[in-house]
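Colleague: One structure, pasted below without further comment.
The values are calculated or read from the model by the stated rules, or taken from the named source; none is laboratory data. Note that this is a predicted model, so its numbers are computed, not measured. Every residue, glycine as well, gets a Cβ built from its backbone with ideal geometry; the counts of neighbours run over all protein chains shown.
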Amino acid sequence: MNSPASTLEDKYQFLESTATQYGFIGDTRAVFLQRFNETNLTKDNTVLARFIEWSRKPEDEAQKLQDELKKICQILEQDNCPINKPKRGRLPKGKSPWQQAFKWLWETKFQEWQQKQDLDVPNPQAQKEAVCRFLQDIEDKFKYVYPLHRREQPIILKDQYITIQVTMERKYRHDVETIWSYAESEAELKRAYALKGIDDSQPTQVDWKEAKKLLPKKSIMVLADPGMGKSTLLRMEAGLTAKEERESLENNLKNIEDVTFPLFLKLSELAELTKEVTATVIEAILKLIEGKCGKTLATFKSLLEDKLQTGKCLLLLDALDEVTNEYRNQLSEKLNDFLRNYPCQIICTSRIVGYVGFVNKAQEIEIVPFSQKKIDEYIETWFKNAAVYLNNDSVSASELIRELRNKPQVRGLAQNPLLLSLICCLYQEKGLTLPVQRWKVYEQAVRYMVGKWSKNRNPELDEAWVDAKTELLEEIAYQLSINNQNKFTVRQLRKIIDKYLQRENTSTDFEGKNASYLVTELSEQDGILQKFHEDSNEYIFLHRTFQEYLTASYLNQCRDGIALTKAHFWNYEWHETISLVAGLMRNPVPLLETITREKDDIFGTLMLLAGRCIAASEEIYHPIITEIINKIYEFWCRYPNAGFIQSVVVALGQNHSQMFEKLQTILENEKFRVYAIETLSKIGSFQALKTLITVLNHKDERVRSSVVDALGEIHISQAVEPLVTALNDQEAFVRWRAIEALGKIGSPQAVKALIASLNDQEGYVRMNVPFALGKIDSPQAVEALITALSHEDGSVRWYAESTLGRIGSPQAVKALITALSCRDKRVRWYAVKALSKIGTSQAVKALTTTALSDEEGVIRMNTVEALGKIGTRQALASLISVLKDEDLDVRVSAAEALAKIGTSEAIASLITALSHEDRRIRVRAALALAQIGSYEAVTTLIATLSHEDWCFRSYAVEALDKIGTPEVVQALITALRDEESRVRWRAAEALGKIGTPEVVQALIIALRDKEGFVRWYAAEALAKINSPEVFTALTTALRDEDWRVREGTAMALGQIGSPEAVQGLIKVLCDEKAEVRLNTVLALAKISSPNTVSALIKILGDEDHRVRSNAIEALAKIDTSETLAKLIQQPEIDIYCPDIFLLARKLAVRYTKQLPRREQGESLIPLYPELLKHKKIEIL
């Protein structure tokens, strides 16, 4: 039928490119790739249909396949495919339309494709040069950043970039973007952890580099508020990846086929090009890249298309929040369809507010606000890069760091990278000091952006023109804010400006200037207005805080400013603006009186707003201020860990002595002491530090431990000395916490004391020292870690190795290479482990030349495993010779590593190892053969399922779950009848991972196995296969006699996520076993159906706190106003119970955000106290 020289890879590429050529997507593409694959020619359609990965499970798979084939044949006919259809009677065998199309495709189109491939093959050197140019262009595009005050003098991005930290779970779920949003979310998470019995000190955030290692090849969604560095992160990834790939290609470390292309794209652009029903993601990407690269792409466009199809592209997709709701769902479907067909890794970004999911199975992570250590690092780097063009030579990084530590009122701004860069720009101006109030920071920034920083480009500007432009910006900001807009078209902008220019009292400075001129000046010259993206006709303010400040400034200038402000008291998104209005006022008392005269809700919304206004103003004394602070303090005492209250207490404690004094006093109160300590740490002033140090000698070790934690959070160098003293505390737990705190501060002053703690009498205290040393950027810390590799405590050695591998600095690499020759074999062993984590070419060279010939077999084996983990060609090429090592463990390790590239020598070695008398060797060989997946390897593994050793059979089953061919599936189904239950449950688990439709009946039968664990794994496996028969079987299993099976079944139904499961799950909420009720609540949370609200509210009275807390989380996810209404209508629910109270408040905030704009107002706030007359009322 075709040339015998054709490889399977050629045929696969032909099918992929043909599918793309004809625009086959989704199920149509999946059917085409399976039905027209030569290896499936003899399979019946009914059988083949079960192997198709459908986007949605059809009721009749065979009929669905026939429908798709009919569609495919119609499209092929349009390309002159000869399909004969007799008018009557049945078609002869082998002459069905798809079979005729199959014959034409392989006999005609495949030959044409091969000839075209031969003609299209470019000169290898020319193609290599073109690819290098393409990667160089990407590298150059993302090489620079432009400081706000000198945009004509770029800085190299990687020189200024500070590695961000990200969470490995969702932590920040705020519904409103404000400077205190992150703090409120942190407090809520801490409370949730406490309710679930989770230690909130466990590492939930890591550096971005570490996160990538933990999530290889996985789709990632990066979430953060504006200005936190989402786009910059993607730009860094694009530039660094392009550089690494180009250098690898130029140095012949990779060939063209192995090179990965990093593609930075705006999701809004992708949405625009895929809005037509027939448009595909691949076509859109090619069009976007072609538009950006032009002629550069012409020589290898087909190569780029191949890379998209084979997963050799890293897609960096920016700003989901810029995609309109109209196109977001459609883009999500098409992108998920693309990912089902092509194995590309994608990294997307989005703002937190408004995000509800986008990419299936994506790992959602969030950028963490800058810690004090990161702030210091950023400032030091900024001043180093700006040294040649500072406007004020007398300022320095250390002075700005000290200023920020002395002024915690504005330190919150510095946690945002964009605002921190603005602070740096301001600080280097002569005659400027860092103000205490936020509004003054914004005022200075605006005036410099439209004034002096523009003056560098236009010397004729004067202060009057600065004033005029500022007034115009106030008008623009106010008009947008009252319409709840932060994004505006150029037409809207011109309309606002034209209307402003036509006023009688408009400044004469605008004479001769029209709207177009002013838009250009404010955006291109001043930079305070920014294009939404490069090719957009929409604009936004540089950061939303500028819009808020300018709106506040407008209101402050108005005669009826308080009346205009009053209209927005109940709009949570206006609260930052209103607090800035108070800060701008010479006397904020009239505004405070207006706020306090209004009727408040049970959450003290207006009282807390008044508190924010006081915190934003200069400290003055007035009876109404005293009264407001007293009420807020009392409110906080009722709900001391409510984030939305604590954030106001912190703001007041930073700016008003009355609140600070109350916190000092309550330290004497045993009930509130820990909460006061935490709040003082968030205030973060030197005064707070001194207060906390006085409590460090408290008799209660829990109090001392809390103080130690607080000192670590403040991140002030003055905290180091008291923490070093705490290293000698009589309680080991306090010492452990002190080590943790010193690591957070990261001061080199602490190194000597930490080294001494390596000899602490408690093991868990000792093993925390390497972590702390790893966070301190100093040569002494690295030296201490190297020394720790020979520590007598194995845990210390292990953590020292892990930390050195994570650091990966040149000093660490050099020290580890030296350690490979140490006489102590423990040091050599851990040095190998650390170098494997670093994985640079220098590390690989040291492992292959030194460690691979170590006299100790265990070191050689460890080295082989390390090289296997690194997985580069340079690392793996050195392992062929190791297959002849005298030590069997070493040989098997080498074969395991070589399994990644499937060498024939490795396969032969592993098959031999399957017969070894040591079970451990047999198991390792089996797992490695599964990784190879060749016919020979698979056949050998299937044969081992009849081995006499049941334990080995179970591991063989585990190995086969990575393959999933029809032969393997049948073998695993047979294993479900194994006499040993542990083999059976492994088989059920393996079949679930394979997840093909033909395993359904076997797993349903396994749901009736006599062993509960087998039934549990069968339920878990069925969760991956959504079909009516699976749903029925699982619903029945909810009544299983074994509570663990009921628990697993509830989890499975939650994973399937069908609303039809709700009624069955609701019945299980009454199960006698708390674990079953808990997992049922989690399942209902995943389904998030409005039909679950009443049942979840009812279970808020459950005796198990885990069930209650997860029910609260589930209710918070169900985004309907009915949730709040039903909650307050339940007479048995105490709305003032802290957990319920916080839930109700979250729902209230969300409800007011969801209201149509014309309806927003005081009358629609649902929780006034009188609405709860049937309940216990607490008057504020």
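Colleague: Scan the range 752-765 for residues that are part of a helix (DSSP H, G or I) and surrounded by 14 or more Cβ atoms within 10 Å (Cβ to Cβ) and report the count.
Modeller: Matching residues across the range 752-765 total 5.
Yes/no matrix, rows are residues, columns are (1) of a type in the set (Gly, Ala, Ser); (2) within 22 Å of residue 540 (Cβ to Cβ); (3) buried (at least 21 other Cβ atoms within 10 Å of the Cβ):
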residue	(1), (2), (3)
208	no, no, no
222	no, yes, yes
245	no, no, yes
285	no, no, yes
302	yes, no, no
310	no, no, no
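Colleague: Being of a type outside the set (Gly, Ala, Ser), part of a helix (DSSP H, G or I) and free of Cβ contacts under 8 Å to residues at least 12 places away in the same chain, is that true of even one residue in the range 588-595?
Modeller: no
Colleague: On to the next question. At least 2 residues that are among the small types (Gly, Ala, Ser) and more than 20 Å from residue 970 (Cα to Cα) in each: list the helices (runs of 4 or more DSSP H) lying fully within the range 995-1073 that qualify.
Modeller: Where helices (runs of 4 or more DSSP H) fall fully within the range 995-1073 and carry at least 2 residues being among the small types (Gly, Ala, Ser) and more than 20 Å from residue 970 (Cα to Cα), they are 1028-1037, 1043-1056.
Colleague: While we're on this one: Which number in (1) without any contact (Cβ under 8 Å) to a residue 40 or more places away in the chain; (2) under 19 Å from residue 707 (Cα atoms) marks the one condition that residue 761 misses?
Modeller: All conditions pass for residue 761, except number (2).
Colleague: When both residues are 6+ apart or on different chains and their Cβ atoms are under 9 Å apart, which pairs have a first residue that lies in the range 133-152 and is outside the structural domain of residue 304 (by the TED database) and surrounded by fewer than 20 Cβ atoms within 10 Å (Cβ to Cβ), and a second that is among the basic types (Lys, Arg) and at pLDDT 85 or above?
Modeller: none
Colleague: Which of the helices (runs of 4 or more DSSP H) contained wholly in the range 355-447 include at least 1 residues that are among the hydroxyl-bearing types (Ser, Thr, Tyr)?
Modeller: Because the criterion is at least 1 residues that are among the hydroxyl-bearing types (Ser, Thr, Tyr), the helices (runs of 4 or more DSSP H) in the range 355-447 that meet it are 372-385, 397-406, 417-427.
Colleague: Given the criterion in contact with a helix residue (DSSP H, G or I) (Cβ under 6 Å, 6 or more places away or on another chain) and without any contact (Cβ under 8 Å) to a residue 24 or more places away in the chain, identify the matching residue among 879, 816, 847.
Modeller: 879
Colleague: If you don't mind, another one. Take the residues in the range 899-919 that are part of a helix (DSSP H, G or I) and either modelled with pLDDT of 70 or more or touching a Phe, Trp or Tyr at 6+ places or on another chain (Cβ under 9 Å) (or both), then tell me which one is surrounded by the most Cβ atoms within 10 Å (Cβ to Cβ).
Modeller: Among residues in the range 899-919 that are part of a helix (DSSP H, G or I) and either modelled with pLDDT of 70 or more or touching a Phe, Trp or Tyr at 6+ places or on another chain (Cβ under 9 Å) (or both), the one surrounded by the most Cβ atoms within 10 Å (Cβ to Cβ) is 913.
Colleague: In addition: Here are 1165, 1097: which of them is surrounded by 17 or more Cβ atoms within 10 Å (Cβ to Cβ), modelled with pLDDT under 80, among the aliphatic types (A, V, I, L, M) and on the phi < 0 side of the Ramachandran plot?
Modeller: Going through 1165, 1097 in turn, the sole match is 1165.
Colleague: Collect the residues in the range 363-384 that are under 18 Å from residue 322 (Cβ atoms) and out of contact with any helix residue (DSSP H, G or I) (no Cβ under 7 Å at 6 or more places or on another chain), keeping them in residue-number order.
Modeller: None; the set is empty.
Colleague: Answer yes or no as to whether residue 634 is out of contact with any Leu (no Cβ under 6 Å at 6 or more places or on another chain), among the acidic types (Asp, Glu) and assigned to a helix (DSSP H, G or I).
Modeller: yes
Colleague: Does residue 501 satisfy the criteria of being touching a Lys or Arg at 6+ places or on another chain (Cβ under 9 Å) and over 26 Å from residue 420 (Cα atoms)?
Modeller: Spelling it out, residue 501 is indeed touching a Lys or Arg at 6+ places or on another chain (Cβ under 9 Å) and over 26 Å from residue 420 (Cα atoms).
Colleague: Cβ-Cβ under 9 Å, sequence separation 6+ or interchain: first residue in the range 1001-1013 and within 16 Å of residue 50 (Cα to Cα), partner assigned to a loop (DSSP other than H, G, I, E, B). Which pairs?
Modeller: From the range 1001-1013, the pairs are 1002/976; 1003/976; 1003/1025.
Colleague: Residues that are assigned by the TED database to the domain that holds residue 13, assigned to a loop (DSSP other than H, G, I, E, B), at pLDDT below 85 and of a type in the set (A, V, I, L, M, F, W, C): does the range 104-116 have at least one?
Modeller: no
Colleague: One residue is enough: does the range 539-559 have a residue meeting the conditions modelled with pLDDT of 90 or more, surrounded by fewer than 17 Cβ atoms within 10 Å (Cβ to Cβ), assigned to a helix (DSSP H, G or I) and of a type outside the set (Asp, Glu)?
Modeller: Within the range 539-559, one or more residues are modelled with pLDDT of 90 or more, surrounded by fewer than 17 Cβ atoms within 10 Å (Cβ to Cβ), assigned to a helix (DSSP H, G or I) and of a type outside the set (Asp, Glu).
Colleague: Quickly run through the range 819-850 and pick out the residues that are under 17 Å from residue 861 (Cβ atoms), small (Gly, Ala, Ser) and within 29 Å of the chain's Cα centre (by Cα).
Modeller: The answer is 834, 836.
Colleague: Follow-up question, since we're still on this one. Can you name every residue in the range 483-500 that is in a helix (DSSP H, G or I) and either in contact (Cβ under 8 Å) with a residue 40 or more places away in the chain or surrounded by fewer than 14 Cβ atoms within 10 Å (Cβ to Cβ) (or both)?
Modeller: Selection gives 490, 491, 493, 498, 499.
Colleague: So if I check each of 419, 432, which one is among the aliphatic types (A, V, I, L, M), outside the structural domain of residue 164 (by the TED database) and under 31 Å from the mean Cα position of the chain (by Cα)?
Modeller: 419
Colleague: Mind listing whichever residues of the range 860-874 are buried (at least 21 other Cβ atoms within 10 Å of the Cβ) and either over 31 Å from the mean Cα position of the chain (by Cα) or touching a residue at least 40 places away in the same chain (Cβ under 8 Å) (or both)?
Modeller: 860, 861, 862, 863, 864, listed by residue number.
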